[in-house]
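Below is one structure; the comments refer to it alone.
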Amino acid sequence: MDDYIKFNNQTAGRDKIFRLIQYCSRIVWYNLDKRGMSVNGVQKAKKLDETLGLMRRLLRFGRVFDTLHSALPVMSTIDDQVIRLTSALSRISSACFMAIDHIVCLHKLGLIHKNCIDAPGWDKTGTRFWLYSIVMGLVRDVYEIMKVYKEACQMRRRKIKGHHHNYQRHRNSHSDEDEHSTRVIIKGLPANLNLTLQQSIISARIITKCVSKHADITIDVVKNICDLFIPLTILGYIRLSPGTIGTLGIQEDERVDAQLTAVGKRTIDIKDIETRFRLTTNKSGHYLINYQTR
């Protein structure tokens, strides 16, 4: 089974190349047709689009088995129930899409008689499974982002408590504003609003740190969102031009397949988001929050 999966992974790289060329050709024929240019050029670009689509179906042929096989370690190695469930459902939905895609591919090649199946209906059902797979991936990504942010906020609260107890001891040594600290105060604004402003700035800083620390989640979210519009358009839920679909499809179709066993085990390095807080008041009674992130 491992040798079979290894062989299929080699064809996955070719599929990505053909995907790029296919969606580029879609952009080309759409723009040529929109500008009323050569009909012959439009037909050639459309033919290339259709041919590459069929070639990608052939390259995906048989991948339903390793897709199902990849769902097994997800259900046995990931501790987080939400991540385990969404990852497994995404895999199973993707496998169902590929199984139907194989049948439609055989029909297009003439190996299945036209009267045996309703090819457009089967194709639409397969697209629905593709959509389910993308949605489950997005749910997983959003959950992971919330989890990472929650851990960062808990760490921030622990730092606040620690610095609150040591505030008097550190007051003199930290009386001058550090070049890496941030101090924001708006005169005339109520103290509670000033405090809310500081907390918002701190939250934005932590989110930025989380995004840079977990860039793989952010990239996966962007890719899933781009892919989401393609099946939605095919199923008729939204209307996007072929040129827009081509632009969305150009993004490289890389997933976190090789990192599934580590999906639920991301941790936050305290040193990366360590925040120091000092809450003081000025002569006018306004709150000042000095913090630095290192």
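The values are calculated or read from the model by the stated rules, or taken from the named source; none is laboratory data. Keep in mind that this is a model prediction, so the values were computed, not measured. Heads up, the Cβs are rebuilt from the backbone with ideal geometry, glycines too, and the neighbour counts pull from every protein chain shown.
Taking the criterion of being surrounded by fewer than 18 Cβ atoms within 10 Å (Cβ to Cβ), more than 17 Å from A99 (Cβ to Cβ) and of a type in the set (A, V, I, L, M, F, W, C), the residues of the range 25-68 that qualify are M37, V39, L48, L54, M55. Only a single criterion out of (1) touching a residue at least 40 places away in the same chain (Cβ under 8 Å); (2) farther than 16 Å from S133 by Cα is not satisfied by V42, namely (1). Taken over the range 234-248, the criterion of being among the aromatic types (F, W, Y) and either over 22 Å from the mean Cα position of the chain (by Cα) or not assigned by TED's automatic domain parsing to the domain that holds G53 (or both) is satisfied by no residue.
Have a look at V74, V82, V42, V28 and point out the one that is modelled with pLDDT of 85 or more, of a type outside the set (S, T, Y) and closer than 28 Å to E144 by Cα. Write out each step before concluding.
On the way: V74 fails: modelled with pLDDT of 85 or more; V42 fails: closer than 28 Å to E144 by Cα; V28 fails: closer than 28 Å to E144 by Cα.
Within the list V74, V82, V42, V28, the selection yields V82.
In the range 20-118, counting only helices (runs of 4 or more DSSP H) that sit wholly within it, the ones holding 3 or more residues that are of a type in the set (S, T, N, Q) and within 29 Å of the chain's Cα centre (by Cα) span 63-77, 81-108.
Per-residue answers, yes or no, for (1) at pLDDT 70 or above; (2) of a type in the set (D, E); (3) surrounded by fewer than 16 Cβ atoms within 10 Å (Cβ to Cβ); (4) over 25 Å from L85 (Cα atoms):
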{"position": "H107", "(1), (2), (3), (4)": "yes, no, no, yes"}
{"position": "K114", "(1), (2), (3), (4)": "yes, no, yes, yes"}
{"position": "R128", "(1), (2), (3), (4)": "yes, no, no, no"}
{"position": "V142", "(1), (2), (3), (4)": "yes, no, yes, no"}
{"position": "R156", "(1), (2), (3), (4)": "no, no, no, yes"}
{"position": "R171", "(1), (2), (3), (4)": "no, no, yes, yes"}
{"position": "V184", "(1), (2), (3), (4)": "no, no, yes, yes"}
{"position": "G188", "(1), (2), (3), (4)": "no, no, yes, yes"}
{"position": "I202", "(1), (2), (3), (4)": "no, no, no, yes"}
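Within the range 222-256, the only residue that satisfies the criterion of being under 22 Å from T125 (Cα atoms), surrounded by fewer than 16 Cβ atoms within 10 Å (Cβ to Cβ) and modelled with pLDDT under 90 is D253.
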